[in-house]
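Trainee: Quick one: the structure is below, and I'll ask about it shortly.
The values are calculated or read from the model by the stated rules, or taken from the named source; none is laboratory data. From a predicted model like this one, the values you see are computed outputs, not experimental measurements. We place every Cβ from the backbone using ideal geometry, glycine too, and count neighbours over all the protein chains shown. We work out accessible area using only protein heavy atoms, side chains counted, and drop any ligands, DNA or RNA first. Shrake-Rupley method; radii C 1.70, N 1.55, O 1.52, S 1.80 Å.
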Amino acid sequence: MVRTPLTRAQREQGERLGVLLRAARGPRSMAEVAAAAGVSAETLRKIETGRIATPAFLTVAALAATLGVSLDLLTASCAEPVAPRPAPALSPGRDAAPWSPLPA
């Protein structure tokens, strides 16, 4: 089975997804997040760098759940170019607030 080549827009959406996931990961290691989501660190690296521009839905859903990012937010954020804002710094012993790549 031959895959149809991705369009430029699809590649750009994949790159935006990668940037958003990387920003949401914050200081956590790639291995830690990948293990918690049940994917390989190599898969997460490829998604974050845009080498996998159209990852499987369940992979994205697992990463979103692990990172505390809603699928609706990821979909909206990947539809148009958006400059992600940095993830908030965490104080020791405090839970992270829900993260959003969109300006407040």
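Trainee: Considering only segment 39-80, state which residues are assigned to a loop (DSSP other than H, G, I, E, B) and open to solvent by 40 Å² or more (accessible area, probe 1.4 Å).
Mentor: Within segment 39-80, 40, 49, 51, 52, 54, 56, 68, 70, 80 qualify.
Trainee: Could you look through segment 7-38, keep only residues that are more than 16 Å from residue 79 (Cβ to Cβ) and part of a loop (DSSP other than H, G, I, E, B), and pick out the one that is least open to solvent (accessible area, probe 1.4 Å)?
Mentor: 26
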